[in-house]
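J.: Questions regarding the structure given below will be posed in turn.
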Amino acid sequence: RALVRGRIAASLKPLRRLGRSLGVAHAGADALFDCGHGDGAPMLGLYSPRFGPVQPDHPAGLTLVGFPAYDSETGGTQALDPALAAFLDAGPAPIVFSLGSFAVHAPGDFYRASLQAARGLGRRALLLAGAEEAQRLQGERRGDVFVAAYAPHSQVFPRAAAIVHHGGIGTTAQALRSGRPQLVTPFLGDQHDNARRVKRLGLGRRLRPDRYEGGGATEALRILLGDPAYAAAAEALAPVFRAEDGAAAGALYLDGLLERA
């Protein structure tokens, strides 16, 4: 824990310098570990209360504003690659495999095992694999498989038969909004908690990374796709998450604090 804390503290030095220059309270604290427990300082939770309700041991000043949807660096919706759009239109909904923006840089054999699982089930697959891995996987691209470095999750997730991902909070939020069932294979940090929450809500299944290969993903997806209860639960809850705009709600909350100050 001390090693992880030290590395994170070093990465947050520019943020602390900015905070001190603006006179922000706790600007010298570790923003990830020293988050104001017990002092009542206002704090925003950029996630849905339906996904993670406030608990008795949460900071007293916490306000949950919902998920902020994120698709691009500019904040706007990107157009789909015409080749990808044609692939989606050409056949049944594929299983979409994604490792988000962080785990995608160290995927191991995740995408190879994903291809094996999809083909073992006779399903089409869309692999969002990051630039390097997408280049290595181009030889697998054919009628039943499309490989891309990235595609806007808001546009491809709703068209999936199921979404397989690592449980990062941004990817999880987009999967929740899509209304499609999920298989979450968490690697680190909050991903394990997010995976359990998806499972607890009946929206999908959780599979440990060490069980993903060797047929584990195939069997988990067989169960997920074979039980309509997962898809029904995901579709029923999706409007709750789609109605949230955490970025706008958070900005309004901060504006209100400034007005009162």
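J.: How many residues does region 112-152 contain that are under 13 Å from A217 (Cβ atoms) and among the polar types (S, T, N, Q)?
T.: Selection size over region 112-152: 2.
J.: Name the residues in region 221-232 that are in contact with a strand residue (DSSP E or B) (Cβ under 9 Å, 6 or more places away or on another chain) and in contact (Cβ under 8 Å) with a residue 40 or more places away in the chain, would you?
T.: Residues of region 221-232 in contact with a strand residue (DSSP E or B) (Cβ under 9 Å, 6 or more places away or on another chain): 221, 223-225, 230-231.
Listed by number, the residues that qualify are L221, L224, L225, Y230, A231.
J.: Quick one: A106 ticks every box in (1) surrounded by 14 or more Cβ atoms within 10 Å (Cβ to Cβ); (2) touching a Phe, Trp or Tyr at 6+ places or on another chain (Cβ under 9 Å) bar one, so which box is it?
T.: Going through the list (1) surrounded by 14 or more Cβ atoms within 10 Å (Cβ to Cβ); (2) touching a Phe, Trp or Tyr at 6+ places or on another chain (Cβ under 9 Å), A106 breaks only (1).
J.: Where in region 53-142 are there strands (runs of 3 or more DSSP E), lying fully within it, with 1 or more residues that are at pLDDT 95 or above and touching a Lys or Arg at 6+ places or on another chain (Cβ under 6 Å)?
T.: Working: elements: 62-64, 95-98, 125-128.
In region 53-142, 95-98 are the strands (runs of 3 or more DSSP E) which contain 1 or more residues that are at pLDDT 95 or above and touching a Lys or Arg at 6+ places or on another chain (Cβ under 6 Å).
J.: What are the pairs with Cβ atoms under 9 angstrom where one residue, in region 161-177, is assigned by TED's automatic domain parsing to the domain that holds R206 and the other, located anywhere, is crowded, with 24+ Cβ neighbours inside 10 Å and of a type in the set (K, R)? Sequence gap at least six, or different chains.
T.: Here the result reads A161/R180; A162/R180; I163/R180, each pair linking region 161-177 to a residue that is crowded, with 24+ Cβ neighbours inside 10 Å and of a type in the set (K, R).
J.: Would you check which residues across region 22-52 are at pLDDT below 70 and charged (D, E, K, R) and list them?
T.: D30, D34, D39
J.: State all residues of region 219-248 that are small (G, A, S) and under 17 Å from the mean Cα position of the chain (by Cα); if no residue qualifies, say none.
T.: Start the filter on region 219-248 by keeping residues that are small (G, A, S), which leaves 220, 226, 229, 231-234, 236, 238, 243, 246-248.
Residues satisfying the conditions are A234, A238, G246, A247.
J.: If I filter region 187-212 down to residues being among the acidic types (D, E) and farther than 26 Å from Q116 by Cα, which single residue comes out as modelled with the highest pLDDT?
T.: D193
J.: Considering only residues that are at pLDDT 95 or above and among the charged types (D, E, K, R), look in region 213-241 and name the one that is nearest to G52 (Cα to Cα).
T.: Only one residue fits best here, namely E235.
The values are calculated or read from the model by the stated rules, or taken from the named source; none is laboratory data. All values reported here derive from a predicted model rather than from experimental measurement. We place every Cβ from the backbone using ideal geometry, glycine too, and count neighbours over all the protein chains shown.
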